[in-house]
Amino acid sequence: MSNYKGHLMGGAAAFGLLFFLVPMVPTTARAIEWLLWSLSGSLFPDVDTKSKGHNLFYVAMVPLLLFLIAQSRFQLAAVLAVASLLPLVAQHRGLFHRLWFLFLVAGALFLVLPVYTGIGKAVLQLDLLFFLAGGISHLWLDVGFAKMFQC
C-alpha cells in the first residue's frame, strides 16, 4: 500500500522503464507528455476514494465539462458527467483497482479522443501505453503482482 507520493514515484519509474523500451527518440515535449500520462495513470485507480488522484480528477473534469458545453458538445459532456459519478459510488479497491478496468478505460479513451480532439491514433497509442504503465504500477504497489491479475 502506498500513498500518492509513492504512487507518483511508481508512475515515474514505470515511465522511465517504458521510455527506454519505446523504439523512438521523442521530442522533449512528447517525453513530458508521456510522463504526465504515466503520472495520471499512477493516480487514476484512487479516484474512488478521497485522494490526490480524486481531487485532480474533479479539478480537471469541471473545466472539461464547461468547455464541452461551451462548444455545444452536449452528448459527450453528458457521458462524461455520468462517468464522473462512477468514482463517487464505487467501492475503494473495487472496480478502479481491476486491471481489466484500466484497459477498458484506455480503450474507451482510444476510441473517443481521436473523434473529439483530432489527436492522431498513433500518438494516442503511446500516450495510453504510458497511462497503462502508470496504472499498472499503482496496482502493483497496492495489491501486489499476483493479485493484479485476479478479477
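The values are calculated or read from the model by the stated rules, or taken from the named source; none is laboratory data. Since the structure is predicted, the reported quantities are computational estimates derived from the model, not experimental observations. Don't worry about glycine lacking a Cβ; one is built from the backbone with ideal geometry, like all the others, and counts go over all protein chains shown.
Return the residues of segment 118-151 that are buried (at least 16 other Cβ atoms within 10 Å of the Cβ) and either at pLDDT below 85 or charged (D, E, K, R) (or both); say none if nothing qualifies.
Those that are buried (at least 16 other Cβ atoms within 10 Å of the Cβ) and either at pLDDT below 85 or charged (D, E, K, R) (or both): ASP127, ASP142, VAL143, MET148.
I'd like to verify a number: residues in segment 98-117 that are at pLDDT 90 or above and either more than 27 Å from ARG73 (Cα to Cα) or not hydrophobic (A, V, I, L, M, F, W, C) (or both), how many?
4
Look at segment 91-107 and say how many of its residues are exposed (fewer than 14 other Cβ atoms within 10 Å of the Cβ) and over 21 Å from ALA14 (Cβ atoms). Reasoning before the result, please.
Of all residues in segment 91-107, those exposed (fewer than 14 other Cβ atoms within 10 Å of the Cβ) come to 91, 94, 100, 104, 107.
From what's left, over 21 Å from ALA14 (Cβ atoms): 91, 94.
Qualifying residue count, segment 91-107: 2.
Considering only residues that are among the small types (Gly, Ala, Ser) and over 12 Å from the mean Cα position of the chain (by Cα), which ones fall in segment 1-55?
Of all residues in segment 1-55, those among the small types (Gly, Ala, Ser) come to 2, 6, 10-14, 16, 29, 31, 38, 40-42, 51, 53.
Those that are among the small types (Gly, Ala, Ser) and over 12 Å from the mean Cα position of the chain (by Cα): SER2, GLY6, GLY10, ALA12, ALA13, ALA14, GLY16, ALA29, ALA31, SER51.
Can you tell me how many residues within segment 112-151 are more than 16 Å from the chain's Cα centre (by Cα), within 16 Å of GLU33 (Cα to Cα) and assigned to a helix (DSSP H, G or I)?
Residues in segment 112-151 being more than 16 Å from the chain's Cα centre (by Cα), within 16 Å of GLU33 (Cα to Cα) and assigned to a helix (DSSP H, G or I): 3 in total.
Which one of the conditions (1) surrounded by 19 or more Cβ atoms within 10 Å (Cβ to Cβ); (2) outside any helix (DSSP H, G or I) does TRP37 fail to meet, given that it meets all the rest?
The failed condition is (2).
If the requirement is being part of a helix (DSSP H, G or I), small (Gly, Ala, Ser) and touching a helix residue (DSSP H, G or I) at 6+ places or on another chain (Cβ under 6 Å), which of these qualifies: GLY107, GLY53? Talk me through it step by step, then tell me what you get.
Working: GLY107 fails: touching a helix residue (DSSP H, G or I) at 6+ places or on another chain (Cβ under 6 Å).
Testing whether each residue is part of a helix (DSSP H, G or I), small (Gly, Ala, Ser) and touching a helix residue (DSSP H, G or I) at 6+ places or on another chain (Cβ under 6 Å) leaves just GLY53.
Being crowded, with 19+ Cβ neighbours inside 10 Å, modelled with pLDDT of 90 or more and either farther than 23 Å from VAL22 by Cβ or of a type in the set (Lys, Arg) (or both) is the requirement here; does ASP46 meet it? Even if it seems obvious, please write down each step before you answer.
Working: crowded, with 19+ Cβ neighbours inside 10 Å: yes; modelled with pLDDT of 90 or more: yes; either farther than 23 Å from VAL22 by Cβ or of a type in the set (Lys, Arg) (or both): yes.
Yes, satisfied.
It is to be established whether one or more residues within segment 65-79 are closer than 21 Å to LEU39 by Cα and among the aliphatic types (A, V, I, L, M). Break it down into steps so the answer makes sense when it comes.
Looking only at segment 65-79, we keep the residues that are closer than 21 Å to LEU39 by Cα, and these are none.
Scanning segment 65-79, I find no residue that is closer than 21 Å to LEU39 by Cα and among the aliphatic types (A, V, I, L, M), so the answer is no.
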